[in-house]
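Presented below is the structure to which this report refers.
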């Protein structure tokens with residue numbers, strides 16, 4: 001159903017660990033593109049997924065980060081420590097790859113129920129012919145920004161997932177208070193898909209490290225029942241934006257705006273565990289760090305979708 005796409009940075013992996021029970025109960029399957037050579041965080045995340053009786057896809061040939069040139073460590077990790085039916089190998093179909101490259105990756109990971117993740121690959125017709133008649137055992141995830149309907153059509157009959165980035169990255173100071181995020185959670189079946197995915201409140205753009213925060217932003221998604229269940233996102237931005245100093249003070253300003261919005265019953269924001277923790281941080285006057293804030297927003301996004309599908 002829902003496939004949140006994570007890059008394997010520290011707080012993304014912590015989100016997977018913390019939300020593993022919620023995702024397992026909802027039938028959500030995270031996709032993880034590891035970007036760090038150190039695999040201890042990934043190991044802990046996958047253990048949490050298995051302990052929760054959930055499932056996950058681990059991309060063995062990442063496009064970004066420290067493992068982009070050689071994913072051998074990832075293949076070895078799956079073979080040595082995660083020969084488990086709930087952990088699948090993701091084959092990322094990149095622009096420079098040939099059909100032969102894709103099939104080689106598929107054969108190498110046949111024991112890990114491979115998932116094809118289409119992200120710029122150009123030989124859809126050739127690959128479909130080589131794979132044979134599509135069935136539900138074949139699993140394909142399509143990055144909607146890189147492969148259109150005609151491309152996706154070659155794999156009709158397989159289990160297909162549409163991945164779409166709902167988060168438009170801007171300078172923090174440039175966000176409007178409310179912006180559209182996605183309607184894919186409500187329309188993926190109309191698209192002929194068996195599931196959908198997004199890049200949470202991080203977005204698809206991969207940025208190695210971050211610069212000084214001239215403005216601090218808290219991103220909080222919500223589903224608006226008054227607008228056909230579309231998902232939108234609040235951007236709570238600090239008032240202070242003219243220097244890179246005092247991130248704690250800027251967080252306090254952004255958090256105060258969030259608390260003011262949450263007072264209103266028509267905010268549509270669910271009272272998730274993450275929102276409760278934001279309230280606690282407000283009461284304590286505590287700044288936990290920018291990475292931790294992002295983690296809370298990701299946790300909230302997952303729990304919001306879990307509740308949405310749980311109410312269906």
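The values are calculated or read from the model by the stated rules, or taken from the named source; none is laboratory data. Nothing here was measured: the structure is a model prediction, and the numbers come from that model. Neighbour counts are summed over all protein chains in view; Cβ atoms, including those assigned to glycine, are modelled from backbone coordinates with ideal geometry.
Out of (1) more than 25 Å from residue 54 (Cβ to Cβ); (2) at pLDDT 95 or above; (3) not in a helix (DSSP H, G or I), what's the single condition that is false for residue 103?
Among (1) more than 25 Å from residue 54 (Cβ to Cβ); (2) at pLDDT 95 or above; (3) not in a helix (DSSP H, G or I), residue 103 violates only (3).
Across segment 116-131, what is the total count of residues that are buried (at least 17 other Cβ atoms within 10 Å of the Cβ), under 21 Å from the mean Cα position of the chain (by Cα) and free of Cβ contacts under 8 Å to residues at least 60 places away in the same chain?
So the count comes out to 4.
Out of all the residues in segment 108-124, which are more than 13 Å from residue 93 (Cβ to Cβ) and either in a loop (DSSP other than H, G, I, E, B) or modelled with pLDDT of 95 or more (or both)?
Correct list: 109, 113.
Residue 165 - would you say it is under 23 Å from residue 63 (Cβ atoms) and either assigned to a loop (DSSP other than H, G, I, E, B) or in contact with a helix residue (DSSP H, G or I) (Cβ under 6 Å, 6 or more places away or on another chain) (or both)?
Against the criterion (under 23 Å from residue 63 (Cβ atoms) and either assigned to a loop (DSSP other than H, G, I, E, B) or in contact with a helix residue (DSSP H, G or I) (Cβ under 6 Å, 6 or more places away or on another chain) (or both)), residue 165 qualifies.
Among the listed residues 200, 245, 220, which satisfies the condition of being free of Cβ contacts under 8 Å to residues at least 24 places away in the same chain and either touching a helix residue (DSSP H, G or I) at 6+ places or on another chain (Cβ under 8 Å) or surrounded by fewer than 21 Cβ atoms within 10 Å (Cβ to Cβ) (or both)?
Every option except 245 fails the conditions.
Among the residues of segment 193-207, which ones are in contact with a strand residue (DSSP E or B) (Cβ under 7 Å, 6 or more places away or on another chain) and either farther than 22 Å from residue 27 by Cα or in a loop (DSSP other than H, G, I, E, B) (or both)?
193, 194, 199, 200, 201, 206
Kindly establish whether residue 296 is in contact with a strand residue (DSSP E or B) (Cβ under 7 Å, 6 or more places away or on another chain) and either within 29 Å of residue 7 (Cα to Cα) or in contact (Cβ under 8 Å) with a residue 40 or more places away in the chain (or both).
Details: in contact with a strand residue (DSSP E or B) (Cβ under 7 Å, 6 or more places away or on another chain): no; either within 29 Å of residue 7 (Cα to Cα) or in contact (Cβ under 8 Å) with a residue 40 or more places away in the chain (or both): yes.
Taking the combined requirement at face value, the residue does not satisfy it.
Could you figure out which of (1) touching a strand residue (DSSP E or B) at 6+ places or on another chain (Cβ under 6 Å); (2) under 17 Å from residue 291 (Cα atoms) isn't true of residue 9?
So residue 9 meets the others, but not (1).
This table checks each residue for (1) closer than 16 Å to residue 235 by Cβ; (2) assigned by TED's automatic domain parsing to the domain that holds residue 226; (3) over 22 Å from the mean Cα position of the chain (by Cα); (4) crowded, with 18+ Cβ neighbours inside 10 Å.
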{"position": "251", "(1), (2), (3), (4)": "yes, yes, yes, yes"}
{"position": "258", "(1), (2), (3), (4)": "yes, yes, yes, yes"}
{"position": "265", "(1), (2), (3), (4)": "no, yes, yes, no"}
{"position": "271", "(1), (2), (3), (4)": "no, yes, no, no"}
{"position": "279", "(1), (2), (3), (4)": "no, yes, yes, no"}
{"position": "282", "(1), (2), (3), (4)": "no, yes, yes, no"}
{"position": "285", "(1), (2), (3), (4)": "no, yes, yes, no"}
{"position": "289", "(1), (2), (3), (4)": "no, yes, no, no"}
{"position": "293", "(1), (2), (3), (4)": "yes, yes, no, yes"}
